[in-house]
Amino acid sequence: MLTSLHDFIAASLLTTRELPLFGCPVPAGFPSPADDHLDGPFDLTRHLFRHPASTFLARVSGDSMIGAGIHPGDLVAVDRALRPKHGSIVVAVVDGEHTIKRLQERGGQPWLVAENARYAPVAVSQEAGLFVWGVVTHVIHSLGEHQIATIR
């Protein structure tokens with residue numbers, strides 16, 4: 001769980017760096033040997049951060065969102081300028097702690113729903129209030145060191 005604002009890195013503080021980009025999509029199915037040229041440089045930060053002044057990176061702890069492809073140790077981009085809607089994955093503040101959950105509205109009441117059957121949905125009472133800190137827009141997920149060793 002993200003516990004304080006110190007756990008967040010402001011996107012506006014990151015330096016931009018352009019990376020080479022393949023000029024064609026990489027098929028997840030059968031390979032296409034004819035399409036192996038590079039296109040122009042690609043600025044990953046511009047792709048990830050639509051609103052740099054209001055976007056932050058945070059490292060995830062816990063496994064409540066693995067069903068959404070968000071794993072412990074992943075980085076998430078959180079945009080505070082976006083307005084959450086039903087179904088958005090959000091960083092919410094509950095009892096003074098940040099948590100990542102899917103926001104749902106059920107019967108006119110907001111719920112924070114995990115993407116892991118081990119965690120029950122949490123109804124947010126009016127007394128407790130719901131503070132949505134930001135909307136998660138991207139996940140940066142490492143495939144692990146074992147993937148690198150396999151390629152070399």
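The values are calculated or read from the model by the stated rules, or taken from the named source; none is laboratory data. Remember, it's a predicted structure, so these values are computed and weren't measured experimentally. Positions of Cβ are generated from backbone atoms using ideal geometry, with glycine treated the same way; all protein chains shown enter the neighbour counts.
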- [ ] Return the only residue of Leu38, Leu75, Leu44, Leu82 being closer than 13 Å to Val135 by Cβ and of a type outside the set (Ser, Thr, Tyr).
- [x] Leu82
TODO: Scan the stretch 51-104 residue by residue and report those that are charged (D, E, K, R), touching a Ser or Thr at 6+ places or on another chain (Cβ under 7 Å) and more than 16 Å from Val122 (Cβ to Cβ).
DONE: Asp79, Arg80
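Per-residue answers, yes or no, for (1) touching an Asp or Glu at 6+ places or on another chain (Cβ under 9 Å); (2) farther than 30 Å from Thr16 by Cα; (3) among the hydrophobic types (A, V, I, L, M, F, W, C):
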| site | (1), (2), (3) |
| --- | --- |
| Leu48 | no, no, yes |
| Pro52 | no, no, no |
| Phe56 | yes, no, yes |
| Arg59 | yes, no, no |
| Gly108 | no, yes, no |
| Leu130 | no, yes, yes |
| His141 | yes, no, no |
| Gly144 | no, no, no |
Open item on the list: Restricting to the stretch 86-106, count the residues that are of a type in the set (Lys, Arg) and touching an Asp or Glu at 6+ places or on another chain (Cβ under 9 Å).
Closed with: 2
Task: Every pair of residues 6+ apart whose Cβ atoms lie under 7 Å, when the first sits in the stretch 104-130 and is farther than 23 Å from Gly62 by Cα while the second is outside any loop (DSSP other than H, G, I, E, B) - done: Gln109/Ala123
TODO: Look through Met1, Met65 and report the one residue that is under 18 Å from Ile89 (Cα atoms) and modelled with pLDDT under 80.
DONE: Met1
